[in-house]
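Reviewing the structure listed below.
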Amino acid sequence: MNIATKYNPLKVEDKWYNYWMENGYFHSVPDERESYTIVIPPPNVTGVLHMGHMLNNTIQDVLIRRARMKGYNACWVPGTDHASIATEAKVVAKLKEEGIKKADLSRDEFLKHAWDWTHKHGGIILEQLKKLGASCDWDRTKFTMDDDMSESVTKVFIDLYNKGLIYRGYRMVNWDPEAKTTVSDEEVIHIEKNGKLYYLRYQIEGSDDFVTIATTRPETILGDTAICINPNDERFTHLRGKKVIVPIADRAISIIEDEYVDMEFGTGCLKITPAHDPNDKEIGDKHQLDVIDIFNDDATLNYHGLHYEGKDRFVARKEIVKELEELGNLVKVEDYQNKVGTSERTGAIIEPKVSIQWFLKMKDLAEPALKAVMEDDVKLVPQKFKNTYRHWMENVRDWNISRQLWWGHRIPAFYYGDSHNDFVIAENIEKAVLLAKEKTGKNITESDLKQDEDALDTWFSSWLWPISVFDGIRNPENEEINYYYPTRDLVTAPEILFFWVARMIIAGYEYRGEKPFENVYLTGIVRDKQGRKMSKSLGNSPDPIGLMEKYGADGVRVGMLLTSPAGNDLPFDEGLCEQGKNFSNKIWNAFRLVKGWEVSDKIEQPVSAKQAIKWFDAKLDKVLHDLERSYKGYRISEALMTTYKFIWDDFSSWYLEMVKPAYQSPIDIKTFEQTIANFEKIVKILHPFMPFISEEIWQLMGNRTVEEALIVSPWPVIENTNEEIVKEFEFTAGVISGIRNIRKEKNKPNKDAVELFVLNNEKVNDHFDVIISKLGNISNLEYVSEKVEGALSFRVKSNEYFIPMGENINVEEEIKKLKEELKYAEGFLISVQKKLSNERFVNNAPEQVIVNERKKEADAKAKITMLKESLGSLK
């Protein structure tokens, strides 16, 4: 067989991905097997692959590939999200470049541009995921604005409205002046900013006296409708019942009293601007104050801004401060640090705004979803996020579900009159006409109705994702929803735990009466070596496609997972991808070595090979046990490291050395066949992490049918692990290392045989003597009852090993070396005993940790005794 000298990942990856696709290995249909379902967190339809996607989807692919090999009916559903705000912003920017304003277009004209943009750029990210090796069922690819998905969203809106859970209300909302839409509380990122605190004085009406207030937003004085004092503040009793004049506006407003005012903050007098502060709005409602909104939708000042009309809010702020200073109303300005709300989507500073919007009542809906996570019916990994989840769910507020956008699912409300309550909710205009006739008793036609201009929040469609991808909203008893739901695992980022995860759990209980998934694996954020989040703006995010071209998809997958424990941030280093590539080369070279051996059926299997195979079988079983625990605990990085060490150390560095034939000699057929069988097991446990090279090696090992491809081969079965032989070999490895160290120190090449004498204080059996003799090139291995004079020695635990070198030993050098070892051993013993004398450590550490520490203490004491005896014999 002609096996390439070097592994070529690009050639191999395309070949096997096409093979997997052509043979339908990714596709799933309901059958008698247990399902194992994952739904992809749908990326933005016009997005491109970034490092966060790489990490997230690598983990999903690891889980789904292993499930497929474990015999489950594995189904990984891919798809994309229409991403209202982000996509509309891109389309608006593209139109602007072409000299077209959104305001000059009709809704239908704008949507045509949006769909053109989506068809041109949409789906790129899914093609990029194929390069990564993502084994999604591409036949099931969904888009949140597919017709069936849109129907599901409308159906749910109508249902929740009819249940009295959706309402239209005049509320204070978070307004994004750049996107010109509301955003939910969860989409507001609060950032610490250095600002100014302005002290302004308002003249008391009919008096030469003034009251002073402190504000961070002097431009909003034009919307003030009261000054508020605390009724318990004796400093201001003289102000009761009076009015003040708003500077610049020259408008009289009342002084009101409310215990909300913090007497210790600022001056103790608070300006009340109900249109531009949520707390002021509450006070305003309580005291029936006017609401004066001074801003346009783009945060320029409107006609209430007087001579500042049309100016941006921050430009107006500077000019208003200057005018206040000229008028003598600016008392002083102090530096002030406060948290400012910014839009998670656009980065614009959020403007509190009173507006009529659509809301979903959340309190009752949230209760089953809170209970599910608190009782571990839905498990969060890592569990540290449970408290965060509980806090949010216990304090959940009504969800503002309307957005002032055109791209998205249009709200199915149809208006027939001038009042904001003159509407009906229906899935189409034909049904709306019938409902409006019934509601009004009038002969209403389609021309009398006008549909709501707003679109629904993007999350209002994606919260249905695990149900709607299987058509479980429109057809709740169909075969697929009953087979694939609830799904098994969800892999996503902690920052959308509330946006998406919590809401999917809510929707699951509301529309299926059960959880949408069993486990939620929360990944960390991919950061650069300086700890910064990777982003385009910082220029610190490598191109994932470029990385895969350089290191191979398998290499990058390994690089991503080497340091990514669940919930912890990933300090990404391109060197890890290099390590992944080197791992590919190590595996490839091991395969070439094995396949390069000449095989003979005329020679007996050596005893050393029999012992090596016996050990390897036991070690593999232990590794399979360890992997099972790691996968069960969603410690994917740990599972990879176990696999990595097993292949690099146990298989390549030890096993192959134990069984390989002598130079230019053949290997016996029995050992060769068992080695190939072992290699097959290795590529199986490697496959979830490195699917391409594992499939390539698997196919080169023998003639495989389509049914025998590695991707659908069964996961290795755990036998009864012989832990004793595994421990024996750990001791043996120490002996072989000791022999090699002495050879290295004395420049004694391995081709020159040496003798080995053993003082067997540990009473170790001789099972591995054949391995020691082969790997150490020992001509004579003999057990003795006394030290061998004039020989070089080393220790493994309390056993002492002697190698005569046929030369005089430099006694002074040996004494110096032994003294250094003794000093280290005594220092190590002290450190262990310090731990064991610490009551807090002993009382709190797991039992196994204490056992290990006591064993370290005993081993160290035994070693010190041996070193002292060795020193005594040399003096």
Quiz item: more than 28 Å from ILE587 (Cβ to Cβ) and open to solvent by 40 Å² or more (accessible area, probe 1.4 Å): does that describe PRO714?
Solution: no
Quiz item: Any chance segment 90-113 includes a residue that's among the aliphatic types (A, V, I, L, M) and in contact with an Asp or Glu (Cβ under 8 Å, 6 or more places away or on another chain)?
Solution: no
Quiz item: Out of segment 239-286, which residues are in a loop (DSSP other than H, G, I, E, B) and among the charged types (D, E, K, R)?
Solution: ARG240, LYS242, ASP250, ASP258, GLU259, ASP262, GLU264, ASP277
Quiz item: In segment 110-150, what count of residues is obtained for those that are in a helix (DSSP H, G or I), out of contact with any helix residue (DSSP H, G or I) (no Cβ under 9 Å at 6 or more places or on another chain) and farther than 15 Å from VAL45 by Cβ?
Solution: 4
Quiz prompt | Residues of segment 594-620 satisfying the condition of being surrounded by fewer than 17 Cβ atoms within 10 Å (Cβ to Cβ) and within 26 Å of ALA639 (Cβ to Cβ) | solution = LYS614
Exercise. Could you look through segment 790-834, keep only residues that are in contact (Cβ under 8 Å) with a residue 40 or more places away in the chain and acidic (Asp, Glu), and pick out the one that is nearest to ASN760 (Cα to Cα)?
Key: GLU800
Quiz item: Can you name the residue in segment 501-522 that is under 22 Å from GLY633 (Cβ atoms) and open to solvent by 10 Å² or more (accessible area, probe 1.4 Å) and is also farthest from the chain's Cα centre (by Cα) among such residues?
Solution: LYS515
Quiz item: Can you find a residue in segment 789-809 that is farther than 21 Å from ALA860 by Cβ, out of contact with any His (no Cβ under 9 Å at 6 or more places or on another chain), open to solvent by 40 Å² or more (accessible area, probe 1.4 Å) and charged (D, E, K, R)?
Solution: yes
Practice problem: Select from segment 288-303 the residues that are out of contact with any Asp or Glu (no Cβ under 7 Å at 6 or more places or on another chain) and either open to solvent by 20 Å² or more (accessible area, probe 1.4 Å) or among the acidic types (Asp, Glu) (or both) and list them in ascending order. | Solution: GLN288, LEU289, ASP290, VAL291, ILE292, ASP293, ASN296, ASP297, ASP298
Practice problem: Among the residues of segment 340-391, write down those that are within 22 Å of TYR167 (Cα to Cα) and part of a helix (DSSP H, G or I). | Solution: LYS363, ASP364, LEU365, ALA366, GLU367, PRO368, ALA369
Quiz item: PHE498 versus (1) open to solvent by 10 Å² or more (accessible area, probe 1.4 Å); (2) farther than 18 Å from TRP399 by Cβ; (3) among the aromatic types (Phe, Trp, Tyr): which is the lone unmet condition?
Solution: (2)
Exercise. Could you run through segment 304-329 and say how many residues are at negative phi, outside any helix (DSSP H, G or I) and out of contact with any helix residue (DSSP H, G or I) (no Cβ under 6 Å at 6 or more places or on another chain)?
Key: 3
Quiz prompt | Matching residues, segment 817-866, being open to solvent by less than 50 Å² (accessible area, probe 1.4 Å), of a type in the set (Gly, Ala, Ser) and under 28 Å from SER793 (Cβ atoms) | solution = ALA825, GLY827, ALA860, ALA862
Quiz prompt | Residues within segment 220-252 that are out of contact with any strand residue (DSSP E or B) (no Cβ under 7 Å at 6 or more places or on another chain) and small (Gly, Ala, Ser), tallied | solution = 3
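Listed here are the residues, each with its yes/no results for (1) at negative phi; (2) assigned to a strand (DSSP E or B).
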| site | (1), (2) |
| --- | --- |
| PHE157 | yes, no |
| GLY164 | no, no |
| ILE213 | yes, yes |
| PHE236 | yes, no |
Quiz item: Do we find that TYR484 is modelled with pLDDT of 95 or more and in contact with a Cys (Cβ under 9 Å, 6 or more places away or on another chain) in this structure?
Solution: yes
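The values are calculated or read from the model by the stated rules, or taken from the named source; none is laboratory data. Bear in mind that the values here come from a model prediction, so they are computed numbers and not experimental data. Ideal geometry is used to build each Cβ from the backbone, glycine not excepted, and the neighbour counts take in all protein chains shown. Protein only, heavy atoms only, side chains kept; ligands, DNA and RNA dropped before computing areas. Shrake-Rupley method; radii C 1.70, N 1.55, O 1.52, S 1.80 Å.
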